[in-house]
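The values are calculated or read from the model by the stated rules, or taken from the named source; none is laboratory data. Note that the coordinates shown come from a computational prediction; the quantities given were computed from them, not determined experimentally. Here Cβ is always computed from backbone atoms with ideal geometry, including for glycine, and neighbour counts include all displayed protein chains.
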Amino acid sequence: MKYIYVGIGGFLGAVGRYLFGELFVLQSGFPIAIVIINLLGSFLLGYLVEGFRYTTKLSSKVRLGITGGFLGGFTTFSTFSLDFVQLLKQQDILMAVVFLLSNIIGGLICAYLGLKLATYQNKVGAK
C-alpha cells in the first residue's frame with residue numbers, strides 16, 4: 001500500500017515540477033527553474049522530515065507519499081546533471097560552476113535551514 005502513496009506523490013511532484021519549470025523559463029540559458037525547484041525541495045524535505053518527528057497527525061504512508069513521493073518527484077537530480085553537462089558543452093564554465101554550487105551547496109543549506117526551522121517551531125510550540 002505504501003507504494004501507492006509514493007506513486008501518487010511522485011506523479012503529483014513530477015507534474016508540479018514541470019508546471020513550476022514552465023513559469024521560470026529564462027532566455028539567458030541559465031536553468032534557474034531547476035535551482036529554485038531543488039532549493040525549495042531541499043528546504044521542504046528538511047522541514048517536513050524534522051517536523052514529522054514531532055507529530056503523529058499523519059500516517060507513515062502519507063508522510064512517505066509527501067517526502068519520498070511528492071518531493072522526490074518534484075526535485076530532480078537527473079535534470080540538474082543534464083543541465084550542468086550542457087553548460088559545460090557550451091563552454092560556459094562560470095555559469096556551470098555557479099549552477100553546480102547553487103544546487104549542491106544551496107541545497108545542503110536549504111535542507112539544514114528547513115530542519116532548523118522545524119526544530120525551532122517545535123521548541124516554541126512546546127512551551
Residue 83 passes all but one of (1) under 27 Å from residue 117 (Cβ atoms); (2) touching a helix residue (DSSP H, G or I) at 6+ places or on another chain (Cβ under 7 Å); (3) assigned to a helix (DSSP H, G or I); which number fails?
(1)
Residue check: is residue 124 of a type in the set (A, V, I, L, M), surrounded by fewer than 12 Cβ atoms within 10 Å (Cβ to Cβ), at pLDDT below 90 and assigned to a loop (DSSP other than H, G, I, E, B)?
no
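Criterion first (buried (at least 20 other Cβ atoms within 10 Å of the Cβ) and either under 18 Å from residue 99 (Cα atoms) or touching a strand residue (DSSP E or B) at 6+ places or on another chain (Cβ under 9 Å) (or both)) does residue 79 satisfy it?
no
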Confirm whether residue 46 is modelled with pLDDT of 95 or more, under 15 Å from the mean Cα position of the chain (by Cα) and closer than 28 Å to residue 7 by Cβ.
yes
Condition first: β-branched (Val, Ile, Thr), in contact with a helix residue (DSSP H, G or I) (Cβ under 9 Å, 6 or more places away or on another chain) and in contact (Cβ under 8 Å) with a residue 24 or more places away in the chain. Can you find one or more residues in segment 21-33 that meet it?
no
By residue number, the members of segment 54-78 that are over 19 Å from residue 8 (Cβ atoms) and in contact (Cβ under 8 Å) with a residue 60 or more places away in the chain are 54
Answer residue from segment 14-60, given it is of a type in the set (D, E, K, R) and surrounded by 15 or more Cβ atoms within 10 Å (Cβ to Cβ) and is farthest from residue 83 (Cα to Cα) among those:
50
Could you say whether any residue in segment 60-83 is over 27 Å from residue 6 (Cα atoms) and not hydroxyl-bearing (Ser, Thr, Tyr)?
no
Tell me, which helices (runs of 4 or more DSSP H) wholly within segment 1-76 include 1 or more residues that are aliphatic (A, V, I, L, M) and under 29 Å from residue 92 (Cβ atoms)?
2-23, 32-52
